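Engineer: Shown below is the structure under consideration.
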Amino acid sequence: MADTVRLSAREALAAVTDPGTFTELPAPDGTYAPDGPLSWDGYDAARARATARTGEAESVVCGTASVGGTRAVLVSFEFGFLGGSLGERTGDRIEAAYTFARAHRLPVVPLVATGGSRMQEGMRALVQLQRVARQSALTREAGLAQVAVLRDPTTGGGWATLGAGADVILALESAQVGFAGSRVRPADADPAAYSARGQFAAGAVDAVVRHDDLAGTLAGWLRLLTCPSDDPAPVPYALGRGDLPATGRDAVRRARAGERPRADAYLDAYFTSRVTVGGDRCGGTDDGVLCGFGESARDGRTVAYAAQLGTATRPAGYRTAARLVRLAGRLGVPVLTLVDTPGAANDAEAERSGAGAAIADLFTALAASPVPVTTLVVGEGGSGGALALAAPENTWATPDSYFSVIAPELAAAILKRDPDETDATADQLHLRPQDLVELGVVRGIAGTAP
């Protein structure tokens, strides 16, 4: 693990904001009764020592600043103030910051470093999590992005609200991340599960970032997430052959050919820069699905993307794609999907992981999307596992692709045909790109770049 980098709240702000742009928001009025709501003996003295040590009156510093030229509201935790714990006055400040963000249409960046709720305030501290969650929900409903940065440590309610509840989660590579703090975990717990990389592997974090790269990474995310557009994403140019397949079997062979351009090549050609949304937030990832946001090479607009890479798509892949589609919808960003899969994964583990529910959820997300979705079939279009990623009434195909209700080999087997009838079955399925246009299933065939 990399060496732990622990910065104060103001050092963290200085590390990510443009010089001279930070303006602190005024702290809301509010005082504690002697020793707080529980009359906890010594609480006033502990807060006084924390202030003397850190120079802060509370565990968060809130304000506005530019991050790579994008103005945002930032909430930076001071771990040196009672472990960055959340109390009532912490809740006051966070609520005021989120309210300001909505009033001024600004994204919110929590720079989290906390041990959890403040025990000296008991349940009055714990219910601040509900208060914070409501502010996050209202900000999400307002269509404003929330990008969390997980510092060391990020545990307890701070992780379960401002951290895990953000639209995009960036974690410093040295950060401890987990709901359970270091002193309350089981003695035999695997420490890797409570790390930034462990949470990334479990699909709970979008990216693990080096401290030196954080400012640039955060600036890139904010730039992409604050550029809404009403126009559909343009159809990508076809990167492979321009001629159409003569037969159904020819279409299948071309789509399965190892040399045929894959979705990652299409993304590289389509975007000048892009970032990745990682994981389904339910403990799963799928390396066969790429999701994220990028800057279009054609007009510089932000476009969200979800792309299959040619493998059987697992439930986590469908859930990640649905998460991406919903996030793009909230932010007003058009979506591009690239279809290329022999079908949904159908092994026992996929079934136990909720394959049917995950596919249904993606169908629903696309059907209900408030932003335009553009789809290009770049390879195999294998049944419902491929259709789940396809835009209703705005799907296109490349000459190197096919789309079918079922693979021709499986169709022949179900119909109890001899294996040598597979080619004829492929023709009967009318799965070639030109067949799909004639059937009205796709709008057209993508051309090559001019």
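Engineer: Filter segment 272-309 down to residues that are out of contact with any strand residue (DSSP E or B) (no Cβ under 8 Å at 6 or more places or on another chain) and more than 22 Å from Arg330 (Cα to Cα) and give me whichever is surrounded by the fewest Cβ atoms within 10 Å (Cβ to Cβ).
Structural biologist: Asp287
Engineer: Report, by residue number, each residue of segment 378-398 that is closer than 13 Å to Ala312 by Cβ and touching a Leu at 6+ places or on another chain (Cβ under 6 Å).
Structural biologist: Ala388
Engineer: Among the strands (runs of 3 or more DSSP E) confined wholly to segment 98-192, which include 3 or more residues that are in contact (Cβ under 8 Å) with a residue 12 or more places away in the chain, within 18 Å of Thr64 (Cα to Cα) and not hydroxyl-bearing (Ser, Thr, Tyr)?
Structural biologist: 108-114, 147-155
Engineer: Only residues that are out of contact with any strand residue (DSSP E or B) (no Cβ under 8 Å at 6 or more places or on another chain) and either under 17 Å from Leu111 (Cα atoms) or not assigned by TED's automatic domain parsing to the domain that holds Arg105 (or both): list them for segment 128-149, please.
Structural biologist: Ala133, Gln135
Engineer: Which one of these does Val73 not meet: (1) β-branched (Val, Ile, Thr); (2) free of Cβ contacts under 8 Å to residues at least 60 places away in the same chain; (3) over 20 Å from Asp18 (Cα atoms)?
Structural biologist: (3)
Engineer: Out of curiosity, is Val127 within 22 Å of the chain's Cα centre (by Cα) and not basic (Lys, Arg)?
Structural biologist: no
Engineer: While we're here: Among Val371, Val405, Val437, Val441, which is more than 21 Å from Val235 (Cβ to Cβ), surrounded by fewer than 22 Cβ atoms within 10 Å (Cβ to Cβ) and not small (Gly, Ala, Ser)?
Structural biologist: Among Val371, Val405, Val437, Val441, only Val405 is more than 21 Å from Val235 (Cβ to Cβ), surrounded by fewer than 22 Cβ atoms within 10 Å (Cβ to Cβ) and not small (Gly, Ala, Ser).
Engineer: If we scan segment 363-371, do we find a residue that is in contact with an Asp or Glu (Cβ under 9 Å, 6 or more places away or on another chain), within 30 Å of Leu331 (Cβ to Cβ) and assigned by TED's automatic domain parsing to the domain that holds Gly343?
Structural biologist: yes
Engineer: So Gly242 clears everything in (1) under 21 Å from Arg301 (Cβ atoms); (2) surrounded by fewer than 19 Cβ atoms within 10 Å (Cβ to Cβ); (3) touching a strand residue (DSSP E or B) at 6+ places or on another chain (Cβ under 7 Å) except one condition, right? Which one?
Structural biologist: (1)
Engineer: Give me the pairs, please: first residue somewhere in segment 280-297 and in the same structural domain as Arg326 (by TED's automatic domain parsing), second residue anywhere and among the small types (Gly, Ala, Ser) and assigned to a strand (DSSP E or B), beta-carbon distance under 6 Å, and either six or more positions apart or on two chains.
Structural biologist: Leu290/Ala307; Cys291/Ala306; Phe293/Ala304; Glu295/Ser273
The values are calculated or read from the model by the stated rules, or taken from the named source; none is laboratory data. For clarity, every value in this text was computed on a predicted model and none was experimentally measured. Ideal geometry is used to build each Cβ from the backbone, glycine not excepted, and the neighbour counts take in all protein chains shown.
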